[in-house]
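Got a structure for you, questions after.
Derivation of every value follows stated rules applied to the coordinates shown; laboratory data play no part. Being a predicted model, the structure only gives us computed values, none of them experimental. Here Cβ is always computed from backbone atoms with ideal geometry, including for glycine, and neighbour counts include all displayed protein chains.
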């Protein structure tokens, strides 16, 4: 007992000393060099939404970074979801801060009058006829519904209801263009539950022999008060509102997770959360019911009652055993389709048929009809009409995908169109264009028996997007157009006019929308985005290719300072930024995954910003971890990391831009894990930057990243891959940065805190920066600027000012 008390006291004192040490280091938010701050404050790249009739674009402008005060808004963390109780919206949402209508034929733009002055739109939905756009505005203390009239470019608030926007504010227009369906806060919802000062009793969970492995999750329910809060905030009233502001409630308030109107508008598919609630898994694994409601909110058919999914195998292809992926067939009046496992949901079970695809038409009183037996897992169904639909199936274990042509009406046997490796980007045939029917349903676009396929067009020379015409009967492909140097141009859709709507950019030109005449090649600009950071125009970016020691091809974006000349200026201090990725095929691992013609928007999220301070940067340096046949990728994780790092450094040195004695390595999340491992197992670097990583894999014992084996399956693997257990070797200066409210699975803030203590305890050089109010990605302007200041200061001290290599 005395030893236990002494141990506890020792632990308490060590934690106290850590706390005192943390407060002893200089505090307060700092800012980097002004050139870097200007990069952070540059206007975000705008986007756009195409109207269903293809005649208008809704240009979307996004805000600058929020402030710490914005992040300090009220927040509840319930069932894996973070919400703002003041406005019943998501916590710290990303939103649209400005909208403009653009006429595609003329290129004319129109400002929209009547919108809130402080616009914060988190959802927007076109009506099927393109006349209206419904939007959800999020204010500090409420959410509200607004309607934009595209005819006169005006907006007004739509009713006095409050959308329940916690899960994204789904909006669905009726086919008549006069009614909108949505989830709202119940008009008579009472006050939120208040926690009692005295607990009602202990929190008890138990296990009785039922296997229930699970990966690490955060923000789970933890007690009865959390359950009460969950029921309060997630309860919604499904309703419809007319253009004349008439509100019709559909059923009673319920814990509705999602809903979908049938194409004929006579039924509603509803997914409801069912109690009891789990303390072990997040919302998406809670017990739930999938039902068909009539327009009065009465249940007319129950598709599935799923228990809490807390006992799924941890393999990536594991699924629940009942109906899943339930949806309406978009080409039919009211026909459901769903997938169902035929192998017990466990990919380890041997089976020729893994999944089956079923359909059932209204009035839902017949036996379901099987559409397809699948050797893989169902992924998606895209329907054009009763005789034509595409079914996608995939198997993660082998990185395989199949695409079938099926006839939902049974008029033809299913036919395999293609099977491919999802790792083989060069062989990707693309994804089909869709079209919007008069009732608002999205349909597969089929014209004279042909599909249109678009893809990024990966190739050895970089991504070159294309649009193809694919003949369903023969499988023949005709290339209609492909992006060409010196531009990166992506095809969005073929418009009714026959012209191609694209988004085009170049290294010195931000992305803009264009109309391209496929016959003449004539281009018409629809938008004209100014360069957001002209002071970076001289910074160069080159997509370079190289090989690692075993012959696997690799690539990186080489970023160099403005005016730099290797022969004149000599090699530079260099920062390599990367993120490891697992592959089952060495050839696929080496494929180029970028384009040399993308807009050179100097990033602050990766170290590109350091080019303003005289650094060379190898950004997005590929870090393939390959395992072929019976060998898993992580079986040789460390050895392959070292090969990758050596190759990246050699690539910079061979070009005369990298000083091998002044190189740093860095990464975020799994890239931080990579960084700590490389510093522990090599002497290649002078410093490391590790942001929001996980370093002790025993804290993620049921798998991590793409690893499916558990700690108990292969404890040696977990220990070998964990830099925490090699902290005694971490002597290279390591900067650790972490959001104090990180909610990403596995990357608990404790991971960085414990690694810091371990390195410090072994006499290493390290610094720990915990960013208040920040999650896995840092958002507040103050946090981002401080992160950049820390990064620049650390690298200047240990890399830039290190002793340069002696010229041969």
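Return the label of the correct value of Kirkwood radius over Cα pairs in Å, as calculated from the structure shown, out of (1) 34.5; (2) 29.2; (3) 28.4.
It is the value labelled (2).
Given a Förster radius of 45 Å and the C-beta distance between residue 117 and residue 740 as r, what FRET efficiency does 1/(1 + (r/R0)^6) yield to the nearest 0.05? Provide the component values of the computation, followed by the final result.
Details: r = 33 Å, r/R0 = 0.73.
Efficiency at R0 = 45 Å is approximately 0.85.
If you don't mind, another one. Sort the range 654-808 into rounded, prolate or oblate with this rule: let a ≥ b ≥ c be the square roots of the eigenvalues of the Cα gyration tensor; rounded if a/c is under 1.5, and if a/c is not under 1.5, prolate when a/b is larger than b/c, oblate otherwise.
It is oblate, given that a/c is not under 1.5 and a/b is not larger than b/c.
Another one. Whole Å is fine, so just give me how far the alpha carbon centre of the range 294-314 lies from that of the range 607-631.
44 Å
Once both labels are modelled 7 Å past Cα along the beta-carbon direction, what's the residue 314-residue 712 spacing in nm?
Simple spin-label model gives 1.0 nm for this pair.
Between residue 302 and residue 542, what length in nm is gained on full extension when 0.36 nm per residue of separation is reduced by their alpha carbon distance? Kindly include the intermediate steps, with their values, before the conclusion.
Details: separation 240, 0.36 × 240 = 86.40 nm, distance 5.63 nm.
So the chain would gain 80.8 nm between residue 302 and residue 542.
Shape verdict for the range 534-800, please, from the Cα gyration tensor: rounded (a/c under 1.5), prolate (a/b greater than b/c) or oblate. Intermediate values should be presented prior to the final figure.
On the way: a/c = 1.65, a/b = 1.21, b/c = 1.36.
In terms of gyration-tensor shape, oblate.
With r as the distance between the Cβ atoms of residue 568 and residue 683 and R0 = 25 Å, compute the FRET efficiency 1/(1 + (r/R0)^6) and round to 0.05. Walk me through the numbers before you get to the answer.
On the way: r = 30 Å, r/R0 = 1.21.
Working from the Cβ atoms, E equals 0.25.
Right, next: Give the residues of the range 544-559 whose amide nitrogen is closer than 17 Å to a point set 7 Å from the Cα of residue 650 in the direction of its Cβ.
It comes to 544-556, nothing else.
Working out 0.36 nm times the residue gap between residue 178 and residue 29, then minus their Cα-Cα distance, what length gain in nm do you get to one decimal? Mind dumping the intermediate values first?
Details: separation 149, 0.36 × 149 = 53.64 nm, distance 5.11 nm.
Length gained between residue 178 and residue 29: 48.5 nm.
Continuing with this model, one more query. How far apart, in nanometres, would the label points at residue 550 and residue 53 be if each is projected 7 angstrom from Cα along the Cα-to-Cβ direction?
5.9 nm
With the Cα gyration tensor of the range 627-690 giving a ≥ b ≥ c as the square roots of its eigenvalues, does the rule (a/c under 1.5 for rounded; else a/b larger than b/c for prolate; else oblate) give rounded, prolate or oblate? Walk me through the numbers before you get to the answer.
On the way: a/c = 2.49, a/b = 1.52, b/c = 1.64.
It is oblate, given that a/c is not under 1.5 and a/b is not larger than b/c.
Could you give the nm distance between label points at residue 523 and residue 373, where each point is 7 Å from its Cα heading toward the beta carbon?
5.2 nm
Report the full-extension gain for the segment residue 248 to residue 231: residue separation times 0.36 nm, less the Cα-Cα distance, to one decimal in nm. Kindly include the intermediate steps, with their values, before the conclusion.
On the way: separation 17, 0.36 × 17 = 6.12 nm, distance 2.27 nm.
Full extension of this stretch gives 3.8 nm more.
Right, another one. Considering all projection directions equally, how large on average is the shadow of the alpha-carbon convex hull of the range 352-401, in square nanometres? Walk me through the intermediate numbers first.
Working: hull surface 16.8 nm².
Mean projected area for the range 352-401: 4.2 nm², to one decimal.
Counting DSSP beta bridges with both partners in the chain, what percentage is antiparallel, nearest 5? Mind dumping the intermediate values first?
Numbers: 146 of 176 bridges.
For the chain, the DSSP antiparallel bridge percentage is about 85.
Then there is this: Measure out, as a whole number of angstrom, how far apart the alpha-carbon centroids of the range 24-85 and the range 93-164 sit.
Using only Cα atoms, the two centres lie 19 Å from each other.
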